[in-house]
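Presented below is the structure to which this report refers.
The values are calculated or read from the model by the stated rules, or taken from the named source; none is laboratory data. Everything numeric in this text was worked out from a predicted model, so none of it was measured. Glycine also receives a Cβ, built like all others from the backbone with ideal geometry; neighbour counts cover every protein chain displayed. Quick note on the areas: whole protein, heavy atoms, side chains included, nothing else; ligands and nucleic acids left out. Shrake-Rupley method; radii C 1.70, N 1.55, O 1.52, S 1.80 Å.
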Amino acid sequence: MTAYIIRRLWQIVPTMAGVILLIFLLFNVVGGDPAYLLAGKISNAEQIANIRKQLGIDEPYWYQLLLFVKQVVTFDFGQSWSTNEAVSSIFATRLPNSLLIGVPLLILETIIAIAIALVVAYKRGSLTDRSVMVSCTVAQSISILVYIIVLQYVLAYKLGWFPVQGWGNGFFENLFKYAALPIIIALAVSLAPNIRLYRTFLLDEVNQDYVRTARAKGLSENRVMLVHVLRNAAIPIITNLMIQLPGLLVGLFLIERFFSVPGIGREVILAVERSDFPVIKAITVYVALATMLANLLADLLYKAVDPRVELK
Amino acid sequence: MSAAHPVMNPAADIGIERSPGLWSLAWRRLMRDRVAVASLIVVVAFLLLAVASMFGWVAKNWNSEIAVNYAPPTLFKSLYAAATEATKGEGEKGPEVEGLAVQRQPIVNDRDPLRSILDELRAQLGQGAEGVEEIKIVDPLADVIAELKKKLGRVDGAIEDVGEDKKAPHLAFGADKWGRSVWDKVVKGTETSLLVGFAAAILATVIGTLLGAVAGYFGGKTDDFLNWFYSIFNSIPYILLVLAIAAVLQKKGVLTVVLILGLTGWTSIFRVVRAEYMKHKARDYVRAANAIGATHMRRMFTHIFPNISHVVLVQLSLYVVIFIKSEVILSYLGFGVGVDTVSWGSMLNEAQNELILGYWWQLAAATLFMAVLVTAFSLFTDALRDALDPKLK
């Protein structure tokens, strides 16, 4: 087991090197001279020359790459080009806000989606099943933008049940006052694809022999579905959950933007709008790393849930 | 396979009816599926609309201000009026529309301070057409206005400022802030969406299929390298990669969006095609092709490819849906198509502020068009997959 984890961690190194190389090519080679981008913000020519020196843009590419690797390893990306805030401080202050919306969302969405998927999988082919599936297809076809615009308008602006946007300082104030509507909207968007996915996972199981055996020995339907079927379907469900984990970081960027939530996702959009390369570079690299670790975690959990799985 | 190699047809020589190939069988299965036929009709209708708009047969003058600002939609109202006309002698259509007619925005609409003088003069002249011309020539603001309009990005030469009195007070689908027809805009948006969706899907499919074929077919070091390349793209969340490239490219337009989506989206088809090639390369027919001296290229693309092309087709179809949705988000954020064309995304962006003012029609039109197209395309993709792979389900 330990050997496996070490090997997998070791395998992350070449991929991470590739990610760094890709980001470097994008921003330092294709992206061109950032001094031109900065020129619009800083009028002083001397300052630009100074910044060029600081960023090492006059140096050869190999030196710039080395600089970038050093930044990644030391977690020190310097300062944002537009706000001068340290990139590390952007991470530290924005991440908790993204998680405050993302974590409750993931928990609620999983519980609700599994519950509905259990019902439709149990009543497979019935009118309930078909109407839920059709509504899911339609719901998935409507842009997330429409959900946000309409629900924000109706629930916050017209009915006044929630604040239109904003963010406070207290944990509970944020969770129950400001995060509530974003979570509801994100739920409305993410339920449809998850129900469809979990339904197929469950349908793979309900026709298995062990289900018939369980029924034959007289177990209640509740026990068959909730204990036998659900436990076996848990393997792909857990994998799916782990794959969704990195999405907590930037996945809610639209919602964060609409509701002015100071999270990582909103920071990405702001950075793209302002051509704030250090911030985009840092977020991309670390989210990629988080994704790889989440994949590793998924495989380990896979093994924990299903002892038949051989890790190689 | 017999359909893929119609070199000769021995069955016909001995008088046996030729068995139908994969594609004709799939087509028959597809036509038997009512949902598939219905969704196909909708998709084809949208495609025709997009082609018509591309050639300028419809929505050519989407950029001209043909109505008053925020002219309200009358489509449902006139339907309603037609229905109630029989019972109530005169429909209340007139006054109701009058009530809905939105307050004119002084900045845009009454931008000509000489308007009132012109009207007065015209009345004095007894509505002489020459009188209008004369006044127009004297108007000192004409040049400035033309320049400002250019700066506002609505160049194109397509702008044809219909005289104030000719502007429609209401349209079937309503008008936007500038008095442009929402119907024309939503049709133009259909063109953009389908163009971007298909072009990016083809780009992603070509890249993914080529790389996947090479990786799966050759295996070994080539496979390791391409897999490494794949894992790089796969470990960066899709939307983050899209935004990062958008940040670097700094240029807006349909081509940029196609490049962004195509270059980032190839990974899912790569994995599928690679797995298919790994499965097929050891099969007997490929070894037979090798025995008669077929080159690698020939084995990969003449022999194996037709046998996995159904997988590619389904992936292509999935891509179109994903890319249409992504384009809307990119354009909404302002990283997508520029101001010289319309996208449902930029319409939603405008609609967001309009909704608070009570002008819901642009939002409704963009939402409706997109939802219908994407639903139909998704249902068609599902049906296509089932028809091509009857073993599923």
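Which residue, of A:ALA290, A:ALA282, is within 23 Å of A:GLY18 (Cα to Cα), in contact with a Pro (Cβ under 9 Å, 6 or more places away or on another chain) and either at pLDDT 85 or above or outside the structural domain of A:GLU205 (by TED's automatic domain parsing) (or both)?
After ruling out the rest, the residue left standing is A:ALA290.
Once region B:304-331 is narrowed to residues that are among the hydroxyl-bearing types (Ser, Thr, Tyr) and surrounded by fewer than 23 Cβ atoms within 10 Å (Cβ to Cβ), the residue that is nearest to the other protein chains (Cβ to nearest Cβ) is B:SER317.
Out of the residues in region A:134-147 that are in contact with a helix residue (DSSP H, G or I) (Cβ under 7 Å, 6 or more places away or on another chain) and more than 9 Å from every other protein chain (Cβ to nearest Cβ), state the one that is least open to solvent (accessible area, probe 1.4 Å).
A:CYS136
Within region A:72-83, the set of residues being touching a helix residue (DSSP H, G or I) at 6+ places or on another chain (Cβ under 9 Å) and open to solvent by 50 Å² or more (accessible area, probe 1.4 Å) comprises A:PHE75, A:ASP76, A:GLN79, A:THR83. On the given criteria, is B:PHE229 within 14 Å of another protein chain (Cβ to nearest Cβ) and without any contact (Cβ under 8 Å) to a residue 24 or more places away in the chain? When the stated conditions are applied, B:PHE229 passes them.
Of all residues in region B:278-319, those being in a helix (DSSP H, G or I), of a type outside the set (Gly, Ala, Ser) and more than 32 Å from the chain's Cα centre (by Cα) number 16. Looking only at region B:333-347, which residues are facing chain A (nearest Cβ under 9 Å) and either under 14 Å from the mean Cα position of the chain (by Cα) or not in a helix (DSSP H, G or I) (or both)? Passing the criteria: B:GLY334, B:PHE335, B:TRP344, B:GLY345. Taking the conditions exactly as written (touching an Asp or Glu at 6+ places or on another chain (Cβ under 7 Å), assigned by TED's automatic domain parsing to the domain that holds A:VAL224 and either surrounded by 13 or more Cβ atoms within 10 Å (Cβ to Cβ) or part of a helix (DSSP H, G or I) (or both)), does A:ASN174 satisfy them or not? The answer is no for A:ASN174. Annotation note: Cβ proximity below 7 Å between a residue of region A:5-24 that is touching a residue at least 40 places away in the same chain (Cβ under 8 Å) and facing chain B (nearest Cβ under 9 Å) and a residue that is in a helix (DSSP H, G or I) and small (Gly, Ala, Ser) (sequence gap 6+ or interchain) occurs for A:THR15/B:SER231; A:THR15/B:SER235; A:VAL19/A:ALA288; A:VAL19/B:SER235.
Restricting attention to region A:233-267, the residues that are in contact with a Phe, Trp or Tyr (Cβ under 6 Å, 6 or more places away or on another chain), under 12 Å from A:PRO182 (Cβ atoms) and more than 10 Å from chain B (Cβ to nearest Cβ) total 1.
Filtering region B:232-260 to residues that are more than 8 Å from every other protein chain (Cβ to nearest Cβ), outside any helix (DSSP H, G or I) and surrounded by 19 or more Cβ atoms within 10 Å (Cβ to Cβ) leaves only B:LYS252. Test A:THR200 against the stated conditions and say whether it is polar (S, T, N, Q), over 30 Å from A:THR93 (Cα atoms) and either modelled with pLDDT of 85 or more or under 20 Å from the mean Cα position of the chain (by Cα) (or both). Spelling it out, A:THR200 is indeed polar (S, T, N, Q), over 30 Å from A:THR93 (Cα atoms) and either modelled with pLDDT of 85 or more or under 20 Å from the mean Cα position of the chain (by Cα) (or both).
Report those helices (runs of 4 or more DSSP H) wholly inside region A:22-141 carrying at least 3 residues which are modelled with pLDDT under 75, outside the structural domain of A:ASP204 (by TED's automatic domain parsing) and more than 22 Å from the chain's Cα centre (by Cα).
On the way: elements: A:34-39, A:45-55, A:61-74, A:87-122, A:127-141.
Per the criteria, A:34-39, A:45-55.
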